Structure formats: C-alpha cells, structure tokens
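Just below is one structure, and these are the notes that go with it.
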Amino acid sequence: MSEKKSIGGRRVIYYLLAAFCLCMSLVSLICQNFDRQETLSKIGSSGKEVTAIQEALKDRGLFTADVTGYYGTQTQAAVRKFQQQKGLSVDGIAGPATLSALGITVGSVPKATDANVNLLARIISAESRGEPYTGQVAVGAVVLNRVQHPSFPDTIAGVIYQKGAFTAVDDGQFWEPVSDSAYNAARDALNGWDPTGGAIYYYNPKKTSNKWIRSRPVITTIGDHLFCS
C-alpha cells in the first residue's frame, strides 16, 4: 500500500471516529433533557411551583400556614377547597386546570409550525388510531397540556420521548405511516382545541390493569379513552 493510500485511510477512520463522538454527545444531551422523572404537584412535592401555589391560595384565604415551598397535607387541603369552589375535579393535586384557575403561568403554548404539526401528528396517529376525530385531537391536547405543565418537559419532543410516557413510542408504532386525520387533529390541538378539559393522562380501560393510572380522577371519556387529571 502506498503512503498516499495509507494517509487517506487514516483520514477516513478519523472522520468516522469524529462522527461517532459527535453522535454520542448528542445522544447524551438528549437523554439528559428527556429522561426526566415525573413529579406531580402533590403530597411530597417541593420547589418554586409549590411556593406559587401556596401564595395564590394564601391570597384567597384558603391557605393559612407559612409558605414553605413544600406540598404537605395543609397545602393539599387548601387545593381541594379551591377545586371545590371552582367546580374542578377535587383530587388535591394541582394539575393544569387548577394551576390555570389559580392564575399560575406554567409554560408557553407551542406554535403550529410544520415541525410541531408533524411530530404531534405522529404520536396522535400511533396512540389513537381508530379513535373518533375528537379523540385524536384529545390525545394531541394531552401532549400539549403536559408541555405547559411544570412537572413535564417543556417541548413536544420532550414530552413524547420521555421514558415510558407513551406505549406507541416503546413498541415502535410511533414510526408507522401517519394518517391524514392525525395531521388535522394536530393542527386543531395546536390551535387551542382541548376536548379533554385539561387532562394530562389518558388510558384505555380495556387494555390496561395498571392500578395507578386507574386511580386518576377521570375528567371525560372520548371513544375508548378515559382522560384524567
């Protein structure tokens, strides 16, 4: 082998190694952003979100303890009173509907860009294939409600790829062809249609025996899915 060919071969190996390192760096960054553990605003939660909840409840005379940023039984009781006053699901958990009623801003609404429509349509198609059109919009709305909720990733991609969040991502259905109706449903959801009333979870009772998801307060039923807070 000539020296020229040898140098060319080493360059190829160098470029391949550089590309590999770059890919690994990107994977690591994605994992750091997406592989977040879910924490809800409930008993045991703490942080700025809880502080905002306590302050808002205190202004309304529903929370009389000190503002500590820790979600204890007194905060839960105050949240339940507020939910009852507002006609919300009384579960003591500060979900999107409760936070919105309290006037707490939790995130920005994603715009209906081509990228967002395409990504949202893919999860809608995979998760709600065979569901009525309203049910497809509802699945998209749940994704967007999670984006706006401080306990979830703050992008559509972050919510969809969060570990264990959607069965369709885990079993590969997410990568199957997308139905035309899913694109329309994604646009409707991104434009503000939320048939779920603020749900951040949903499930098909015929297909799951998970006790935790079955314990979630049901907001509404659309097609085969129950939508929950």
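Here are a few things to note about the model shown:
- Residue within segment 212-226 that is touching a residue at least 40 places away in the same chain (Cβ under 8 Å), farther than 23 Å from A101 by Cβ and surrounded by 20 or more Cβ atoms within 10 Å (Cβ to Cβ) present: yes
- Selection from segment 131-164 of residues that are in a loop (DSSP other than H, G, I, E, B) and in contact (Cβ under 8 Å) with a residue 12 or more places away in the chain: E131, P132, H149, P150, S151, F152, P153, D154, T155, Q162, K163
- Candidate set: segment 30-57, residues that are of a type in the set (S, T, N, Q), touching a helix residue (DSSP H, G or I) at 6+ places or on another chain (Cβ under 8 Å) and farther than 17 Å from T155 by Cα; chosen: the one modelled with the lowest pLDDT: S41
- Checking G223, G197 one by one, the residue that is modelled with pLDDT under 90 and not assigned by TED's automatic domain parsing to the domain that holds A97 is G197 and no other.
- Positions within segment 167-223 being β-branched (V, I, T), in a loop (DSSP other than H, G, I, E, B) and within 27 Å of D114 (Cβ to Cβ), in sequence order: V178, T196, I200
- T75 vs. criteria in the same structural domain as Q54 (by TED's automatic domain parsing), over 20 Å from the mean Cα position of the chain (by Cα), surrounded by 22 or more Cβ atoms within 10 Å (Cβ to Cβ) and in a helix (DSSP H, G or I): yes
- Look at segment 177-203: where a residue is of a type in the set (D, E, K, R) and a partner is surrounded by fewer than 18 Cβ atoms within 10 Å (Cβ to Cβ), sitting 6+ places away or on another chain with Cβ atoms under 6 Å, you get R187/A112.
The values are calculated or read from the model by the stated rules, or taken from the named source; none is laboratory data. Note that the structure is predicted; figures quoted are calculated from it, not measured. So basically every Cβ, Gly included, is an ideal-geometry build from the backbone, and we count neighbours across all protein chains shown.
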